[in-house]
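**Q** Pasting in a structure now, in structure tokens, and then I'll have a few things to ask.
Please treat every number below as a calculation from the coordinates, not as lab data. All values derive from a computational prediction rather than experimental measurement. Heads up, the Cβs are rebuilt from the backbone with ideal geometry, glycines too, and the neighbour counts pull from every protein chain shown.
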Amino acid sequence: MTTLFTTAEVRNAVELLASRSLIRLVTEIDDNGAIPPRRLAATLPDLSSHQLCRATETARTHGLVRAAPSAGLELTDAGSELADLYDAAARWSRRHAYPSPVCEFSNRVRHVLDLLTPSLAAESADSLARLSAARLPSAEAEAGLARPRALLLQWLAGNPQVTRVSEPEPVA
């Protein structure tokens, strides 16, 4: 897939996708199934009520979760694909001890997304090679990024609402 995005679109999407609370929500549902009604705070006790509300609202707005009757909050197809992307990014990060040998799952995902960001923008399509030379431990590590990068490109192409940069509202 050769779809490239503007720098602003990539920044907007990665900022949204790298949110710790969104990562936690999506991966929790992916790993353990739907979250029953009124069990969100108990299921994710490390997140504040504000973070939970924001993550849930963001996930609903972007079509990542839906409320299933009697089951609770569950992933949509887009949410499941995002969970696959998160898993691939974290797997690469663990294998290459990036950004460090011991790191929280959401931090691993965020760092890999940040690492991939320059290679997704049309203005800087060749920048992954420059970035990789400076920050990655080996050519094998760089080659291993192909799967997370492909998943990210595929996900962004299938979910263009995430790349949209909101225009500032005109001042009346």
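**Q** Would you mind computing the Rg to Rh ratio of the range 1-45 from its alpha-carbon coordinates, Kirkwood style for Rh? Can you show the working numbers first?
**A** On the way: Rg = 14.7 Å, Rh = 12.5 Å.
My calculation puts Rg/Rh at 1.17.
**Q** Starting from the Cα of E15, step 7 Å along the direction of its Cβ; do the same at R38; then give the gap between the two resulting points in nm.
**A** With each label point 7 Å from Cα toward Cβ, the separation is 3.7 nm.
**Q** Listed highest first by mean packing, meaning other Cβ atoms within 10 Å per residue, what order do 8-21, 106-119 come in? Present the calculation step by step, with values, prior to reporting the outcome.
**A** Details: 8-21: 18.9, 106-119: 20.9.
Going from most to least packed, we get 106-119, 8-21.
**Q** For the peptides 31-39, 144-152, what is the packing order when you average, over each peptide's residues, the other Cβ atoms within 10 Å and list the highest mean first? Write out the running numbers ahead of the final one.
**A** Numbers: 31-39: 12.8, 144-152: 18.6.
The densest-packed peptide leads the list: 144-152, 31-39.
**Q** Compute the Cα gyration tensor for the range 19-76, then decide on rounded, prolate or oblate, letting a ≥ b ≥ c be the square roots of its eigenvalues: rounded whenever a/c is under 1.5, prolate when a/b is larger than b/c in the other cases, and oblate in all that remain.
**A** On the way: a/c = 1.45, a/b = 1.17, b/c = 1.24.
Judged from the Cα gyration tensor, the range 19-76 comes out rounded (a/c under 1.5).
**Q** Amide H neighbours of L73 under 5 Å, counting only residues 5+ apart in sequence or on other chains, H built in-plane at 1.01 Å?
**A** I35, A68
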